[in-house]
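Beneath this line is the structure, given in structure tokens, with notes to follow.
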Amino acid sequence: MRNLDPYYITGFVEGEGSFYVGILPRSLEKVKWEVKPSFSLSQNKENKKTVFKLKEFFGCGWIRPSRKDNTLKYEVRSLRELDEKIIPHFEKYPLVGEKEKDFEILKKVVRLMIKGKHLEKEGLKEIIELALKMTRNPKRIKFLKKINTLLKE
């Protein structure tokens, strides 16, 4: 299989990829919440060569099987790898569809985290407001708003 073209990768991600900012309870942090940005892409197992080529292209992340839908998932969660490999790719070969907005939000969150803002109440509130702009899921919206309310107390 030949090498993947960077423009192909951007188009592929536009259709099949995801940029996400997870926020989970974590008793270890001062703010009691952990921020987990990620980039991922899922494909059925018949398309596994492309998934492995994608990992090879970026030189980071991992591939895991998903039991719930019988797919392979390529994922990057490392803050450093997001900042040094994933973000520069999409800055140089930009998305042009709906995912562009989610990418820009992920980029802002990663840059805030690099500055340590996720460890401060005000920075975490800013990150939650950004994450709210990424979701259309009513349960997730309710969850993020609840965290924001708790941080105001």
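Structure values in brief
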read-out: Residue identified as charged (D, E, K, R) and closer than 28 Å to N44 by Cα among E81, E129; value: E81
read-out: Qualifying positions in region 115-151 - part of a helix (DSSP H, G or I) and among the hydroxyl-bearing types (S, T, Y); value: T149
read-out: Among the residues listed as K85, K152, the single one being under 28 Å from K32 (Cα atoms) and in contact with a helix residue (DSSP H, G or I) (Cβ under 9 Å, 6 or more places away or on another chain); value: K152
read-out: K30 vs. criteria more than 30 Å from T149 (Cα to Cα) and charged (D, E, K, R); value: no
read-out: Residue within region 100-112 that is under 18 Å from V21 (Cβ atoms), in contact with a helix residue (DSSP H, G or I) (Cβ under 7 Å, 6 or more places away or on another chain), without any contact (Cβ under 8 Å) to a residue 40 or more places away in the chain and not in a helix (DSSP H, G or I) present; value: no
read-out: Single residue of region 42-88 satisfying the filter (in a loop (DSSP other than H, G, I, E, B) and in contact with a strand residue (DSSP E or B) (Cβ under 6 Å, 6 or more places away or on another chain)) that is surrounded by the most Cβ atoms within 10 Å (Cβ to Cβ); value: G61
read-out: Members of region 133-144 found to be surrounded by 13 or more Cβ atoms within 10 Å (Cβ to Cβ) and over 22 Å from I86 (Cα atoms), listed by number; value: R140, I141, F143, L144
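Coordinate-derived values only; no laboratory data. These figures come from a predicted structure and were not determined experimentally. Cβ sites come from the backbone with ideal geometry, for glycine too, and all protein chains shown count toward neighbours.
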